[in-house]
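Visitor: Supplied in structure tokens, the structure appears directly below.
The values are calculated or read from the model by the stated rules, or taken from the named source; none is laboratory data. All values reported here derive from a predicted model rather than from experimental measurement. For neighbour counting, all protein chains shown are included, and Cβ atoms are generated from backbone atoms with ideal geometry for every residue, glycine included. Heads up: the accessible areas ignore ligands, DNA and RNA and are worked out on the full protein's heavy atoms, side chains in. Shrake-Rupley method; radii C 1.70, N 1.55, O 1.52, S 1.80 Å.
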Amino acid sequence: MNAVMKHRLFWPVVVLLALILVNTLSRPSFVSITVQDGRLYGSLIDILRNSAPLMLVALGMTLVIATRGIDLSVGAVMAVSGAVALQIIQDSGDAANPSVLAVAIGAGLLAGLACGLWNGFLIAVLGIQPIIATLVLMLAGRGIALLITRGFITTINSDPYKFMAQGYVVGLPFAFYVSLAAIAIVAVIERRTALGVLTEAVGINPEASRLAGVRARGIIWGAYAASGLLAGFAGLLYSSNIMAADANAAGLYIELDAILAVVLGGTSLAGGTFSLAGTVVGVFTIQTLKSTITFLGVPPAVTPVFMAAVVVLVVLIQSSRFRRWVGRLGGRLSVRSAQPVERTEVAS
Amino acid sequence: MMSTMEDAQPLVQVTGATVRFRSDTALDGVDFRMFAGEVHSLMGENGAGKSTLIKALTGALALDAGEVRLGGEVVRFATPHDAHLAGISTVYQEIDLLPNLTVAENIALGREPRNRVGAIDWAATRRLAHDALAALGLEIDPASVLGTHPLAVQQLVAIARAISTDVKVLVLDEPTSSLDFDEVAELFRVIRELKARGVAILFVSHFLDQVYEICDRITVLRNGRLVGEYLTTELLRIDLVQKMLGRSAAALAERQTFDAPDDDSSVTLSARGVTVLPGIADADVDLVEGEVLGVAGLLGSGRTKLARALTGVDRLEAGIIRIDGQERRLSSPRRALSLGVVYSSENRRTEGLIGELSVLENITLALQAQRGVLRRIRSARQRELAASWVEALDIRPPDLDRPVASLSGGNQQKVLLARLLALSPRVIVLDEPTRGIDVGAKVEIQNLVGELADNGLSVVFISAELEEVLRVGTRVAILQDGRVVDVVPSEGLTTDSLLAMVARSEGDEA
Amino acid sequence: MTSTQTVLTGELRAVTRPHRFMARHASWIPVFAAVGILVAMVVGAQLYFGKFLTPRLVSSILLDNSYLLILAVGMTFVILTGGIDLSVGAVMSFTGMMGASLLRQGLPSSVVAPTMLATGALIGLGVGVLVQYFDVQPFIASLAGMFLARGLGFVVSLNSIKVTDRPILWLQGTRLQAGSGWYITPTGIIALLVVLVGAGLLAYTRFGRTVYAVGGNEQSARLMGLPVARTKLLAYVVSGTCAGLAGVIFTAYTGAAYPLNGIGTELDTIAAVVIGGTLLTGGSGFVVGSMIGVFVYGMIKTIINFLGVDQSWTRITIGALLLLFVVVQRLIVARSARRR
């Protein structure tokens, strides 16, 4: 039991299960899944489907955070990739043509990758702080997306494209398979090659990694490229869901949800050892939380208040100072124990 | 031992100062005193307790036992600022000023003159700064931004700030380490001026020449204990070094110069005119197959800099390195590693191990980095490899999945060695591999180094402990002021004779 | 010995003297650069459009950007300490919603406006406490503040609230003419006053100088006995208060409050501050520079209007300028690091 509790995924999973439990108790329909035309429907299925864009973005964010970085531009990148893809489809005039769709999807992904490479260049090569470097694209990205859509919200009508976000395969939403595939691919690349451990090494101790001959620059660059590519795909999913490229609304605040998902999953913002499984749990937690808030009758627009509460709670729990403070409070209530003053300084 | 000034009342009197860090005792019942109007030096090797004593004196650290008296009164400072207000000011090696603000502000910050409405009176502030600088005979534009000045000027500004309150004691911690000769002379002029005004100055430096030039008395610490207090004029340089390192009377042994091996084929790495300033200038080294080259030199002689220059960690400003007779540019540690030249840093935690990663991951890290991201070493092979090194080096506990930070110092060092040895290197440079390690593990590592050489590696073994340099090294390179002044075979050498070579300076030759 | 000494002092002096102006005013150079960019834009536009720069245009740039100017002043304080405040846009929006709602309930503006300022200050205080006392990264702490304010804005109302309060509308509607097309509104005057007060605080008070000290080197500032904690906290309070005031001004400007107001404004503000020459690592920059940065921002918007091209070019141009400044800052920092 103790070993289970000490596992790094213990608390994230407990939080997710608790959230599901609360929902189930307050509305038993939450866990009910109905079958209609061979497709599954229900709140849980919705969560699986709707979480796909966030899942992709959060996976990329996990890699970036593991290198001690952050990527604020993911929402803007989503806007760009969606705009590129939909504009190509719209301009082609043949929205059902598979080769047009293939080109559009390919171009959207390439746009995302290019954005990621750009971020990586600023950070890994020029040495600009990640927050600022990605802020540049966060600012300019939506403008670029608007340029691509010529200032309008591009809408298309293409059933195959719609399938990405809204279609079903073997009873489950296609978007869920996209999530699964992304998780699997990222996990394989990180854990079946040496990328994962080298990324962690760079995130924990950049200087020691350099001395051990690790190519930090390439690894950091790669993390941002991956984040851009995944955000690009998320942008396609988003545009497929609403069948429109809305440069202003696409992926709005998703960078914050993604960061939150990563942190909820137990990966520290200070970089280093990361947990993809934790991020997956974190994404489902956030999506469930959003669904809960909606169910409680709170207008979706007020969701940020709850998110603020969660952010504060999570960062406070991560803050050693807060834990010490709580510990002291607890100590005062129980038996007073004379604790030796801890010295952090080292003799020299 | 305590010769003069017995009659005068000391300005600073520290008695029985003791500071413990967890289980280590950094300072053990040290007595220390300073008189007004003297320049006093605190000497000792790394870990002798100098910094700890200074921190205790200046309020950066609390004493676990003992007391500090200032002008006869017992004082306790909660912060360095409290000490500053009481008249004990410190200027650290890393200048603790604000380079983004003006010289005047840096001197006056926190007590700027204000006008009637409470706004800062800049004219008066500049005047105050100008006066403080002028009192030291310095002409620096108070309105200029501090960061635009060379380090030497910043140092002098730091001193101006330190003494602009009613200073009684001025602590200068390694003030000259980044100054050139002229700048040091200017600093000394200021120090003499302060001394004439009756300020007690604590001057900490590892440059013996400077200590002998400026200091009246010397207190020597070793391993956190007081060795003694001496008048500079009565303490020979060689005796001082012996007291710092803990050796008895010296015997200047007959020394013979060792010729570099004629057989060029056995030279694995040869460095000529290697220069990385500040630190090492024009250093020559030859490493021979199957040999341990010990490096001996005092603190500040460039031991670590040399190691870093030979292994591609720092870029050379001048000089060439040949490996197996071929000139190579070691542009990065990665490049050096691929050429079989590996380095183990003296800072295991910050420059060696990845603390949160496991023993296994740490051992395989460099090899994996060499192979590249895609050619991952299979898990089973990783485990086999790591396990074989854990067994070969007797790393304890033999748990491959434990975070390396939880291991003891000696075992951490072994993990670092295992990482480097897994690369099958030709040249291995070990900087203080036995520092902070218990005696048993120390001997193990020393023996291991010998075995490595027996297996054909060229080993560079750097240590502040001359005894182990002699024990491990086949030859010993003597380092002074960033130059390899001599290379001698260790056979027939005693620690005392080696000590004499290390401590000798041009002035002592006669 | 004496003779060498005089020579040496002379040498040291020689190092400090020739670049006396640079040595004193190095940190103003980015501000001059921003002024240069502003002038270049104006001259370019004048040449391109023939008739561009008019008193009306200059007046309207101040009018249209007075809220941004106020936000930028507050942001400058925070960035100078080495922090960042992402909450300002949302706080501006929320205080606007709250104020509009209170006004609708019949409270007088003399009560409502101070309440809005106090609310902004309170949120700033919360962010500051998280940063200073719980070691939360400024980015995350102010993010929480942003979420909170955004959500609270929607709690007040999901729809736009029209403001009919006379004193508030007076702030915007009154145009104090100065002949030949020059005019200024009370909102503009307030914004300029905020700049003045901000600049004065930073240049002439111990609090202001401590802001610079904390941004320069927090550890050193603490060793010097400066009140670091209080100063950092206050910087966020200043930023929050400015956001509250911007809420008043923006409400007056649009004549209504809408919960979606100010989305992305925090980014515009940060961009303006950085373009105005404030170093994101803290310790160097000026409120006056931030004002120039806001004017650059306003000028870009105006020129893009004149060109008749899509407004999205504004964000792209701002992003590009931000990049340019950050890269240049990075190079400067790298160079000074090498010199050390």
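Visitor: Among the residues of the stretch B:56-67, is any under 20 Å from B:Val204 (Cα atoms), away from chain C (no Cβ under 14 Å) and either buried (at least 18 other Cβ atoms within 10 Å of the Cβ) or over 23 Å from the mean Cα position of the chain (by Cα) (or both)?
Guide: Taking every residue of the stretch B:56-67 in turn, at least one turns out to be under 20 Å from B:Val204 (Cα atoms), away from chain C (no Cβ under 14 Å) and either buried (at least 18 other Cβ atoms within 10 Å of the Cβ) or over 23 Å from the mean Cα position of the chain (by Cα) (or both).
Visitor: Still on this structure: For the stretch A:89-106, indicate whether the set of residues that are open to solvent by 50 Å² or more (accessible area, probe 1.4 Å), at pLDDT 90 or above and of a type in the set (A, V, I, L, M, F, W, C) is non-empty.
Guide: yes
Visitor: Hey, among the residues in the stretch A:107-124 that are open to solvent by less than 50 Å² (accessible area, probe 1.4 Å) and out of contact with any Gly (no Cβ under 8 Å at 6 or more places or on another chain), which one's farthest from C:Gln329 (Cα to Cα)?
Guide: So the residue we want is A:Ala107.
Visitor: Quick check on the stretch B:330-360: of everything there that is modelled with pLDDT of 90 or more and basic (Lys, Arg), which residue is least open to solvent (accessible area, probe 1.4 Å)?
Guide: Checked the stretch B:330-360; the qualifying residue least open to solvent (accessible area, probe 1.4 Å) is B:Arg334.
Visitor: Helices (runs of 4 or more DSSP H) wholly in the stretch B:142-232 with at least 3 residues that are over 17 Å from B:Met43 (Cβ atoms) and within 14 Å of another protein chain (Cβ to nearest Cβ) - which ones?
Guide: B:151-164, B:181-196
Visitor: Taking the stretch A:192-223 on its own, how many of its residues are surrounded by fewer than 20 Cβ atoms within 10 Å (Cβ to Cβ) and in contact (Cβ under 8 Å) with a residue 60 or more places away in the chain?
Guide: Residues in the stretch A:192-223 being surrounded by fewer than 20 Cβ atoms within 10 Å (Cβ to Cβ) and in contact (Cβ under 8 Å) with a residue 60 or more places away in the chain: 3 in total.
Visitor: When only residues in the stretch B:82-99 that are part of a loop (DSSP other than H, G, I, E, B) and in contact with a Leu (Cβ under 8 Å, 6 or more places away or on another chain) count, which is farthest from the other protein chains (Cβ to nearest Cβ)?
Guide: B:Gly87
Visitor: Do we find that B:Thr311 is open to solvent by less than 20 Å² (accessible area, probe 1.4 Å) and touching a helix residue (DSSP H, G or I) at 6+ places or on another chain (Cβ under 7 Å) in this structure?
Guide: Yes.
Visitor: Could you run through the stretch A:255-302 and say how many residues are more than 25 Å from A:Tyr224 (Cβ to Cβ), within 9 Å of another protein chain (Cβ to nearest Cβ) and buried (at least 22 other Cβ atoms within 10 Å of the Cβ)?
Guide: Looking only at that region, the number is 0.
Visitor: Of everything in the stretch C:1-23 that's more than 9 Å from chain B (Cβ to nearest Cβ) and either farther than 29 Å from B:Glu213 by Cβ or modelled with pLDDT of 80 or more (or both), which residue is least open to solvent (accessible area, probe 1.4 Å)?
Guide: Filtering the stretch C:1-23 for residues that are more than 9 Å from chain B (Cβ to nearest Cβ) and either farther than 29 Å from B:Glu213 by Cβ or modelled with pLDDT of 80 or more (or both), the one least open to solvent (accessible area, probe 1.4 Å) comes out as C:Pro18.
Visitor: Within the stretch C:108-149, which residues are hydrophobic (A, V, I, L, M, F, W, C) and part of a loop (DSSP other than H, G, I, E, B)?
Guide: Passing the criteria: C:Phe134, C:Val136.
Visitor: Any idea which of (1) part of a loop (DSSP other than H, G, I, E, B); (2) within 23 Å of the chain's Cα centre (by Cα) is the one A:Ala96 doesn't satisfy?
Guide: It fails just one condition, (2).
Visitor: Among the residues of the stretch C:104-134, count how many are open to solvent by less than 30 Å² (accessible area, probe 1.4 Å) and not polar (S, T, N, Q).
Guide: Within the stretch C:104-134, residues that are open to solvent by less than 30 Å² (accessible area, probe 1.4 Å) and not polar (S, T, N, Q) number 11.
Visitor: Report, by residue number, each residue of the stretch C:211-250 that is open to solvent by less than 10 Å² (accessible area, probe 1.4 Å) and hydroxyl-bearing (Ser, Thr, Tyr).
Guide: C:Ser220, C:Thr231, C:Tyr236, C:Ser239 - these are the residues of the stretch C:211-250 that are open to solvent by less than 10 Å² (accessible area, probe 1.4 Å) and hydroxyl-bearing (Ser, Thr, Tyr).
Visitor: Another question about this same structure. Which of the following residues is open to solvent by less than 30 Å² (accessible area, probe 1.4 Å) and either small (Gly, Ala, Ser) or outside the structural domain of B:Ala503 (by TED's automatic domain parsing) (or both): B:Leu236, B:Leu240?
Guide: B:Leu240
Conditions (1) surrounded by 13 or more Cβ atoms within 10 Å (Cβ to Cβ); (2) free of Cβ contacts under 8 Å to residues at least 12 places away in the same chain; (3) among the charged types (D, E, K, R), marked per residue:
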| site | (1), (2), (3) |
| --- | --- |
| C:His25 | yes, yes, no |
| C:Pro30 | yes, no, no |
| C:Val35 | yes, no, no |
| C:Val39 | no, yes, no |
| C:Val43 | no, yes, no |
| C:Leu47 | no, yes, no |
| C:Thr54 | no, no, no |
| C:Ser59 | yes, no, no |
| C:Asp64 | yes, no, yes |
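Visitor: Among the residues of the stretch C:113-121, is any under 12 Å from C:Ser239 (Cα atoms), out of contact with any helix residue (DSSP H, G or I) (no Cβ under 6 Å at 6 or more places or on another chain) and away from chain A (no Cβ under 14 Å)?
Guide: For the stretch C:113-121, residues under 12 Å from C:Ser239 (Cα atoms), out of contact with any helix residue (DSSP H, G or I) (no Cβ under 6 Å at 6 or more places or on another chain) and away from chain A (no Cβ under 14 Å): present.
Visitor: So, in the stretch C:293-315, how many residues would count as being open to solvent by 20 Å² or more (accessible area, probe 1.4 Å) and in a helix (DSSP H, G or I)?
Guide: 9
Visitor: Of all strands (runs of 3 or more DSSP E) completely enclosed by the stretch B:391-510, which ones contain at least 3 residues that are open to solvent by less than 20 Å² (accessible area, probe 1.4 Å) and not assigned by TED's automatic domain parsing to the domain that holds B:Leu357?
Guide: So the answer is B:427-431, B:458-462, B:475-480.
Visitor: Restricting to the stretch A:125-164, name every residue that is within 13 Å of chain C (Cβ to nearest Cβ) and in contact with a Phe, Trp or Tyr (Cβ under 7 Å, 6 or more places away or on another chain).
Guide: A:Ile131, A:Leu137, A:Gly143
Visitor: Against the condition more than 30 Å from A:Val197 (Cβ to Cβ) and open to solvent by 40 Å² or more (accessible area, probe 1.4 Å), how does B:Ala318 come out, does it pass?
Guide: When the stated conditions are applied, B:Ala318 passes them.
Visitor: Determine whether the stretch B:26-48 contains at least one residue that is open to solvent by 40 Å² or more (accessible area, probe 1.4 Å), assigned to a strand (DSSP E or B), over 16 Å from B:Glu174 (Cα atoms) and within 14 Å of another protein chain (Cβ to nearest Cβ).
Guide: yes
Visitor: Can you list the helices (runs of 4 or more DSSP H) found entirely within the stretch C:182-278 that contain at least 2 residues being in contact with a strand residue (DSSP E or B) (Cβ under 9 Å, 6 or more places away or on another chain) and either at pLDDT 90 or above or more than 14 Å from every other protein chain (Cβ to nearest Cβ) (or both)?
Guide: C:186-204, C:206-216, C:228-254
Visitor: Then there's this: Taking the condition away from chain A (no Cβ under 14 Å) and among the small types (Gly, Ala, Ser), does C:Gly128 pass?
Guide: So C:Gly128 does not fit the description; no.
Visitor: A further question follows. Which of the residues that make up the stretch A:224-254 are β-branched (Val, Ile, Thr) and open to solvent by 40 Å² or more (accessible area, probe 1.4 Å)?
Guide: Selection gives A:Ile242 alone.
Visitor: What are the pairs, 6+ residues apart or on separate chains, where a residue within the stretch B:371-382 that is exposed (fewer than 13 other Cβ atoms within 10 Å of the Cβ) has its Cβ under 6 Å from a residue that is modelled with pLDDT of 85 or more?
Guide: B:Leu374/A:Thr193
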